[in-house]
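The values are calculated or read from the model by the stated rules, or taken from the named source; none is laboratory data. These figures come from a predicted structure and were not determined experimentally. Glycine also receives a Cβ, built like all others from the backbone with ideal geometry; neighbour counts cover every protein chain displayed.
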Amino acid sequence: MRAGLAWVMIGISCGVGISPGWAAEVFLGITRSEATRIPASLVRLQASSALAGQETEVRGVLEMDLRRSLVFRVMKPPNMPEIRTAENPKPDLIKKVGTQGIEAVVWMTLGKRGEDLVLEGRVYDGGTGAMVMGKRYIGEPKIFRTLIHRFSDEIVFRYTGERGIAQTRIAYTSKLTGYKELYLMDYDGRNPRRLTGDRSLSLSPEWSSDGRWITYTSYRDGNPDIFTLDLETGRRWKMIGFPGLNISPDWSPTGDRLAFASTRDGTAQLYSADREGKGLVRLTAGLGDSLSPTWSPTGQEIAFVSNRGGAPQIYLMNLDGTNVHRLTFSGVYNTSPAWSSKGDWIAYACRVENRMRICLINPDGTRQVQLTDGAGEQEDPSWSPDGRHLVFRSTLNGPGDLYMMNADGQDMERLTFNGAQNSSPAWSPYGEK
């Protein structure tokens with residue numbers, strides 16, 4: 001469960017927020033600037049007659065994938081008639097395209113093999129004319145977006161050595177059916193599907209480190225218990241079922257321990273358990289409530305929320321519960337911490353001028369940044385596995401939809417449009433290799 005909702009359930013009063021002095025800071029250091037991105041263009045896209053009319057959508061998917069990678073600057077294809085007939089371009093033609101300032105020259109064809117769709121993609125270097133990579137993908141026509149995502153991720157990998165995020169997914173909760181159920185969608189908001197049908201309250205989904213499990217809190221049995229769903233087999237089981245609240249689960253980077261909050265001993269405290277829900281270890285103690293744990297990428301530290309100082313703030317501790325110290329001091333209400341996969345930032349929801357915003361802080365507390373502002377409220381941040389994006393909930397256009405933005409707060413993009421109180425997004429680990 002994200003901390004904002006958890007505080008309401010535990011009965012902690014909210015108080016009045018104040019604007020921190022760092023709110024107006026201009027921050028440009030998280031993602032590469034537009035000027036440093038690699039100029040790329042889908043120069044030629046050829047589709048068989050059976051796929052006529054799909055070119056616009058195919059181009060749109062690939063170009064948006066490349067833009068969202070923050071590695072490439074997508075350019076319009078040059079107006080060169082000789083490209084239209086060049087199925088296997090010679091280096092001289094590619095270098096001519098390169099004179100237009102295009103460094104990554106993309107070639108794509110779409111065809112059919114029986115009932116299957118065949119996507120062939122190649123990328124050439126605009127300076128030398130040499131082929132950088134060539135791939136062929138085969139699958140059912142209904143998954144053509146997935147094939148394009150795989151191709152774009154391969155392009156990102158070839159140019160950076162890092163995996164792309166186009167095949168990742170986002171788990172979240174929604175009241176689309178009138179009940180708070182668990183849903184899953186592609187990283188770009190497409191192909192949403194419902195995972196639970198409990199006709200109850202499902203909260204706070206979190207991914208296992210291998211992307212196979214989603215662990216969440218559900219009231220399906222009357223008590224807020226922690227369940228795990230195996231996406232490969234469909235099997236679901238109760239992991240944590242102590243009397244009282246069992247909320248805000250989060251898996252360690254190695255996937256061998258689950259941290260969570262429970263009121264089994266009175267106030268909400270943090271515990272960890274193994275993959276079987278056993279081997280329980282209590283991590284926090286003392287006055288006040290502690291919840292919403294988030295592991296560091298090294299697995300050696302945990303950030304969490306506690307009101308032990310009088311109002312919700314972000315704290316840090318070692319994985320065994322030692323060396324507890326407060327991280328946030330600006331503002332009187334800070335919740336929902338999420339540790340970046342790169343380890344350099346912790347995102348959280350901060351109350352600024354009585355509205356919830358998305359903020360960042362270094363794990364050593366030396367720098368804080370407010371990312372969102374304006375109409376509506378923003379909560380529940382979750383990082384993409386490359387550490388370059390955040391997904392979050394916003395009331396900008398209604399009772400709650402999910403949005404994506406760059407890690408510097410730029411290029412905000414709406415992902416859901418049904419206004420069905422969508423919340424608690426959790427970005428998956430990387431997709432297929």
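Hey, can you tell me all the residues within the stretch 263-274 that are in contact with a strand residue (DSSP E or B) (Cβ under 9 Å, 6 or more places away or on another chain) and farther than 14 Å from Phe227 by Cβ? Matches in the stretch 263-274: Thr263, Arg264, Asp265, Thr267, Ala268, Gln269, Leu270, Tyr271, Ser272, Asp274.
Could you grab me the full set of residues in the stretch 217-259 that are of a type in the set (Lys, Arg) and under 25 Å from Val305 (Cβ atoms)? Scanning the stretch 217-259 gives Lys238, Arg257.
I'd like to check something: does the stretch 334-350 contain any residue that is of a type in the set (Phe, Trp, Tyr), under 18 Å from the mean Cα position of the chain (by Cα) and within 19 Å of Met185 (Cα to Cα)? No: the stretch 334-350 contains no residue that is of a type in the set (Phe, Trp, Tyr), under 18 Å from the mean Cα position of the chain (by Cα) and within 19 Å of Met185 (Cα to Cα). Taking the criterion of being in a loop (DSSP other than H, G, I, E, B) and aliphatic (A, V, I, L, M), the residues of the stretch 363-393 that qualify are Leu371, Ala375.
Figure legend. Inter-residue proximity from the stretch 378-399: first residues among the polar types (S, T, N, Q), second residues crowded, with 22+ Cβ neighbours inside 10 Å and assigned to a loop (DSSP other than H, G, I, E, B), beta-carbon distance below 7 Å, spacing 6+ or different chains. Indicated pairs: Gln378/Thr372; Ser384/Ile165; Ser384/Thr168.
Scanning the stretch 298-328 for residues that are part of a loop (DSSP other than H, G, I, E, B) and closer than 15 Å to Cys359 by Cβ returns Pro312, Leu327, Thr328.
Scanning the stretch 116-159 for residues that are surrounded by fewer than 14 Cβ atoms within 10 Å (Cβ to Cβ) and either touching a Gly at 6+ places or on another chain (Cβ under 6 Å) or among the hydroxyl-bearing types (Ser, Thr, Tyr) (or both) gives Gly127, Thr128. Only one entry in Thr217, Thr177 is over 28 Å from Asp256 (Cβ atoms) and of a type in the set (Val, Ile, Thr), namely Thr177. The set of residues in the stretch 394-414 that are closer than 18 Å to Ala349 by Cβ and either part of a loop (DSSP other than H, G, I, E, B) or of a type in the set (Lys, Arg) (or both) comprises Thr395, Leu396, Pro399, Gly400, Ala407, Asp408, Gly409, Met412. Inside the stretch 75-112, residues that are in a strand (DSSP E or B), crowded, with 21+ Cβ neighbours inside 10 Å and not small (Gly, Ala, Ser) make up a count of 5. Taking the stretch 155-182 as the range and being under 19 Å from the mean Cα position of the chain (by Cα), over 23 Å from Trp213 (Cβ atoms) and either among the aliphatic types (A, V, I, L, M) or part of a helix (DSSP H, G or I) (or both) as the test, the residues that pass are Val156, Phe157. Taking each residue of the stretch 285-307 that is without any contact (Cβ under 8 Å) to a residue 40 or more places away in the chain and looking for partners that are assigned to a loop (DSSP other than H, G, I, E, B) with beta-carbon atoms closer than 6 Å, six or more apart or interchain, yields Leu287/Arg308; Gly288/Asn307; Gly288/Arg308; Ser290/Thr284; Gln300/Leu319; Ser306/Gly288.
Being on the phi > 0 side of the Ramachandran plot and either outside any loop (DSSP other than H, G, I, E, B) or at pLDDT 50 or above (or both): is that true of Gly15 here? So Gly15 does not fit the description; no.
Taken together, the residues in the stretch 198-227 that are under 29 Å from His149 (Cα atoms) and in contact with an Asp or Glu (Cβ under 8 Å, 6 or more places away or on another chain) amount to 6. For a quick check of your reading of the model, give me the residue pairs whose first member lies in the stretch 38-64 and is buried (at least 16 other Cβ atoms within 10 Å of the Cβ), whose second is charged (D, E, K, R), with beta-carbon atoms closer than 6 Å and at least 6 apart or on different chains. What qualifies is Ile38/Glu103; Pro39/Arg73; Pro39/Glu103; Leu42/Arg59; Leu45/Glu55; Leu45/Arg59; Ala47/Glu55; Val61/Arg145.
Within the stretch 144-180, the only residue that satisfies the criterion of being free of Cβ contacts under 8 Å to residues at least 12 places away in the same chain and farther than 19 Å from Arg67 by Cα is Gly178.
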